[in-house]
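For reference, the structure is listed below as C-alpha cells.
The values are calculated or read from the model by the stated rules, or taken from the named source; none is laboratory data. Computed from a prediction, not measured in an experiment: that's the story for all the values here. Here the Cβ is made from the backbone with ideal geometry for all residues, glycine too, and neighbour counts use every protein chain on show. Each accessible area value is taken on the protein alone, full model and side chains, heavy atoms only, with ligands, DNA and RNA left out. Shrake-Rupley method; radii C 1.70, N 1.55, O 1.52, S 1.80 Å.
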Amino acid sequence: MRSPLIEAACACQLSLDAAGRSGAENMAIDTALLDRANGEGLSFLRLYRFDPPCLSLGRNEPAARYDHTEIARRGLDVVRRPTGGRAVWHEHEVTYAVAAPVAAFGSLRHAYHTIHERIAAALRSLGADATLAPHQPPPASRVDQPTSCFATPVGGEVIVAGRKLVGSAQVRKGNAFLQHGSILLDGSQEIVAAVSRKPQVARTVTTLSAELGRRVTWDEVVEAVVQAWRDEGTSPNLHQPPPTSTTLHFDLAPLGIAVKS
C-alpha cells in the first residue's frame, strides 16, 4: 500500500514509515524534505525506522575517528547525516525528522526546544519522567572525543533522571531547517565505542524500555508523538491504516527520489 503525505489545514504533513529503509535512503528523504521546506514553505513531521540497522556520522565528524576495518568486518551500514553531532547507532528506536521554515518556530534554538518539549510530553504520556536538560556549557574535552551522540546530555535535550533518551541534530538551509533524531526504545550505543579508534562507553544513555521496565513498541511511541503534535494544535488528523497493517509507506515520487526495487 502506498499513501501520499497526509496534509492538515496548517500545512503540516505527516509520514509514518514503519517498514524501515537504509541509512542512505532515509537521509535522502530527510534532505528532500528540507529542500521542500525551504523551497515551498511547507512543514513536515516524519517518523521512521532503519533497515538494516545503521551507524550514522555527523556532517562534520572526522571519519578517521572510526576503525573502517572493524566496521567492514561487522558488515555495518554507515551513512553521513546532513546534520551535525556525533555518531549514532540506529536500531531499536523511533527516528523522527522535522523539516520546516525557521519562521514557523521563531528561531533554530526555539525549534530545538519546542520539538523536544513535544517529544518529552509524548514520553511522559507513556509513563516516563521525561524532562529537558538544563542549558550549560559542554565540557571542553568533548570537542575532540570520538564519543557517541548519547555520551553526554546537553541543554534542551530529552533526559530521564539525568540520562539521555533522545539524541537530535539540526541543519539550516536558506529559510528552513531540518531536525532529526533518535528516540531510544531498547538496546545500546555500545557499537559506537566498539568501532571507535579511541573507544569510550556512553554511560549516561538510557532507553524507554529500561525506564518503564517493559518492552515498548515502535507503534505506541509513534502514536504518542503524533498525539503530542495534535495536542499542540499543529498536527494533521491521522488517517488510520487498515487493521492488517500499521505501515503508511512514504510516497517518494513527489520528492524526486528514485528507489531501487
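A DSSP coil position with no more than 15 other Cβ atoms inside 10 Å describes the following trypsin sites (Lys or Arg not before Pro) in the range 39-105: 59.
Each other residue within a Cβ distance under 11 Å of residue 47 adds +1 if Lys or Arg and -1 if Asp or Glu, for a net charge of -2. With a/c under 1.5 counting as rounded, go ahead and sort the range 1-112 into rounded, prolate or oblate using the C-alpha gyration tensor (a ≥ b ≥ c being the square roots of the eigenvalues; past the cut-off, prolate if a/b is larger than b/c, else oblate). Oblate, since a/c reaches 1.5 and b/c is not below a/b.
Peptide packing for 94-102, 122-130, 208-216 was compared via the average number of neighbouring C-beta atoms within 10 Å per residue; ordered from the highest value, the list is 94-102, 122-130, 208-216.
Taking a Cβ cut-off of under 12 Å around residue 222, the surrounding Lys, Arg, Asp and Glu residues balance to a net charge of -3, with basic ones at +1 and acidic ones at -1. Solvent-accessible area of the range 3-116 (1.4 angstrom probe, protein heavy atoms only): carbon and sulfur portion equals 53 percent. Here residue 109 and residue 204 are evaluated by their C-beta separation; at R0 = 35 Å the FRET efficiency comes out at 0.95.
Stretching residue 124 away from residue 172 to a fully extended chain increases their span by 14.4 nm, per 0.36 nm per residue minus the current alpha-carbon distance.
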